[in-house]
Every structure is written in structure tokens, then in C-alpha cells.
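Chemist: Dumping the structure here so I can ask a few things about it.
The values are calculated or read from the model by the stated rules, or taken from the named source; none is laboratory data. What you see is a predicted model; the values in this text were computed from it and never measured. Glycine gets a Cβ as well: all are built from the backbone with ideal geometry, and neighbour counts include every protein chain shown.
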Amino acid sequence: MVVHASYVCPRCHGGMEIGPSGLICPACTITYPVADGIADFSEGHYYDQFDPSSSLTVEHQAGLNHEVEGSRWRIQAYYLPKIETTLRKFALERSRIQILDCGCGNGWSVDLLNDTGLLTWGVDLSQLRRWQWRERKHKGNLAVADARRLPFEDGRFHFILCSGVIEHIGVQEYKLGAYSVKPLENRDAMRTAFLSELLRVLAPGGTLWLDCPNGAFPIDFWHGDRVGQARRHALNEGFLAKTGEIRSYLSAIKTPASLKPRSPHRLFRFQQVGRHWYGRAIRPLMGIYFNLMRVFPFSILAGTGLNPYLVLEISKEADHVHSKEHSTAILLIKQQ
């Protein structure tokens, strides 16, 4: 058997071997299938159902097409500049940096970042996404996997991006008629396990950017009955995460990490909400507001209920580093 160097078994974190039908974990005696160069570690458990032989609705296809531009903008206008700033500041070698986009959706982020010379991987737990990924240039760097059981070794990534994922963990969502959501009894335990897993694969001194709609803000622009439709919600609904909740999850994890709220300035083009009159009215005002939020004293608002969308920069402490592979990660510990 040939050892596969890119992945480890998500169950035992042991090495994988290349078999005739996929990747084999000798310890767990499990074979994870590989099709079109894409590994599937889901063991048949997806958050959606998709039959490639069926036809997408016109509305669904339009949504997927519109999503492409948003994915490009998220990387090119927001996250790539942050990464580039850190690389220049510490004179880091691009070839040594590895990035994970957890919940990468259509996979465009993986293509865009790899094309800049940054070795980037992406995961999502979706049958639809696996079907979409066949068109990606770097599809071999995409894998179907549960974010709470990632197929990567400890401390693999210097940067992790995670957009719009945590709010979907530990809840039951209903989309028949009006959108509604119900938190599960073990929601907090599931979200803590999710963050613990992200920190496990984050290199000491590395940075996790976690972004999501703010549960402390009374209006949700991302989960309405229709695309871009505003949804009023109770602050105790238990769906959208809050800064304080995420701090409490981190405090329950043994891995030392610090959290800093950041402004979402330039993260969005407001195109989806711009389909509605109120979106077009608030778009220029939100742009100005988010820009102000980048500087003190307005930066204090980034983690409060006055910010509709959270961007949380989570840094893994680098007190104990024993591997040359992670030596550059120490330099990433405190950004500005």
C-alpha cells in the first residue's frame, strides 16, 4: 500500500493508505471513497441530500450562480489581504503556509488561494457541494468531512477560515413555509466540540477567523424566507452565535486561545440584501459604519449587539512548539 500524506483518518488520526477504491485506515479498517479526486469522509452522513440526476430549480441555480461572486469577494477583498499583510509583516515564506477553509461551500476559495501560491484545503459536509467541486481546478484539495471530525493531523494549518458555519451546528432548521429554527439540547456541547476540532488542526500561533451573523443583533439578513430577506428574531432564539457564547466555548477548551472581534468592512458587497428596497437604502450607510468600526473607539462595537455580523479573530497560543514545521507559526501570534 502507498501511504497518502494529505489526510489522516478523522476517527483515530492515524495515517491513511491508498487502496483500489479509496483511502484506507488500517487501524479502523475503514475505506473512505474517492471519486473525481475528491475524498469523502462523511461515512454517508451529509447535512443535505442531492441527486445529480435531478434538475435544480431556476431559483436554486440562480442562487448558486450568485454565490460565486460572493465567494470571490470574501477571499479577494477581505481574507487574502489579511493573510498577505501577515506574510509581509513577518517575511514568511508562502510555500510554508497552509490554509483550511472549513465550510468552503462551492470551493472557489480553494481555487483562488491556491492560485496565489498558498496551499489551501477545503471541507464541507454536503452532497451538493461534492457535485459542484468536480468543476474546481484544485478539486484534489477538497474533501467531504464533518467539521467536528476533520481528516487532518494536529497543528496542520497556519490560517483557518470558517464562514457561516457555527450557527448551523447544534440546531434543527425548518424551511417549509416560513423559516424557523430550534436549538438542540446539546447545542453548546456540539459547538464546543466544533471549535475544539478547529483549534486541534490549527498550528500553535496560528489564526482562526470565524465569521457569522450576530445573535445579539435583532435582525438576521442571511436566513430569511427568501434570499436576502430580513428576518427578525428573538435574542434568546438560540440559533445565531454571540461573542460571549463563543468566548465561553473557548474557555471550556483546554487549548489556550485569545479572541478579538474585528470589523466586517469589505467582507460583503450587500448584493443579496440589495435585492430589497431596505437593503439598497442601508447599503451605503453600513459601508460607512463598518469602515468606522475598524478604528478606536468604534472598534469596540465589533463584538457587541450593534454589529449585525461577527468576525472573530481567534489566535492559538504558541507557548509550546516542538516541531520545525510550526516554527513560522509563532510569528503569527499577535496581529496588530
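Chemist: Run down LEU202, LEU208, LEU250, LEU259 and say which single residue is touching a Cys at 6+ places or on another chain (Cβ under 9 Å) and either surrounded by fewer than 16 Cβ atoms within 10 Å (Cβ to Cβ) or in the same structural domain as SER315 (by TED's automatic domain parsing) (or both).
Modeler: On inspection, the qualifying residue turns out to be LEU208.
Chemist: Out of (1) touching a residue at least 12 places away in the same chain (Cβ under 8 Å); (2) among the hydroxyl-bearing types (Ser, Thr, Tyr); (3) in contact with a Phe, Trp or Tyr (Cβ under 7 Å, 6 or more places away or on another chain), what's the single condition that is false for SER180?
Modeler: Just one mismatch for SER180, condition (1).
Chemist: Is there a residue being among the aromatic types (Phe, Trp, Tyr), within 26 Å of ILE246 (Cα to Cα), surrounded by fewer than 19 Cβ atoms within 10 Å (Cβ to Cβ) and touching a Gly at 6+ places or on another chain (Cβ under 8 Å) anywhere in region 179-186?
Modeler: yes
Chemist: Could I ask something else about it? For region 34-55, give me the residue count where each residue is closer than 27 Å to SER196 by Cβ, part of a strand (DSSP E or B) and either without any contact (Cβ under 8 Å) to a residue 60 or more places away in the chain or not β-branched (Val, Ile, Thr) (or both).
Modeler: Here the count works out to 2.
Chemist: What is the one condition in (1) out of contact with any Lys or Arg (no Cβ under 7 Å at 6 or more places or on another chain); (2) surrounded by fewer than 19 Cβ atoms within 10 Å (Cβ to Cβ); (3) at pLDDT below 95 that PHE268 does not satisfy?
Modeler: (2)
Chemist: Looking at ARG149, ARG130, can you tell me which residue is part of a loop (DSSP other than H, G, I, E, B), farther than 26 Å from LYS82 by Cβ and in the same structural domain as THR86 (by TED's automatic domain parsing)?
Modeler: Checking each option against the conditions leaves just ARG149.
Chemist: Something else: Name every residue in region 12-42 that is within 21 Å of the chain's Cα centre (by Cα) and charged (D, E, K, R), in order of residue number.
Modeler: ASP40
Chemist: Residue by residue through region 138-159, note down the ones that are within 19 Å of ALA257 (Cα to Cα) and surrounded by 24 or more Cβ atoms within 10 Å (Cβ to Cβ).
Modeler: PHE157, HIS158, PHE159
Chemist: Is there a residue in region 7-15 that is more than 21 Å from ALA147 (Cβ to Cβ), surrounded by fewer than 12 Cβ atoms within 10 Å (Cβ to Cβ) and modelled with pLDDT of 80 or more?
Modeler: No; the residues of region 7-15 include none that is more than 21 Å from ALA147 (Cβ to Cβ), surrounded by fewer than 12 Cβ atoms within 10 Å (Cβ to Cβ) and modelled with pLDDT of 80 or more.
Chemist: Given the conditions (1) part of a helix (DSSP H, G or I); (2) touching a helix residue (DSSP H, G or I) at 6+ places or on another chain (Cβ under 8 Å); (3) polar (S, T, N, Q), report the number of the one that SER196 does not fulfil.
Modeler: Going through (1) part of a helix (DSSP H, G or I); (2) touching a helix residue (DSSP H, G or I) at 6+ places or on another chain (Cβ under 8 Å); (3) polar (S, T, N, Q) one by one, SER196 breaks only (2).
Chemist: For the structure I just gave you, tell me whether LEU100 is of a type outside the set (Asp, Glu), in contact (Cβ under 8 Å) with a residue 12 or more places away in the chain, buried (at least 21 other Cβ atoms within 10 Å of the Cβ) and in a loop (DSSP other than H, G, I, E, B).
Modeler: Judged against the criteria, LEU100 is not a match.
Chemist: So, of the residues in region 160-178 that are touching a Lys or Arg at 6+ places or on another chain (Cβ under 7 Å) and among the aliphatic types (A, V, I, L, M), which turns out to be surrounded by the fewest Cβ atoms within 10 Å (Cβ to Cβ)?
Modeler: Among them, the one singled out is VAL171.
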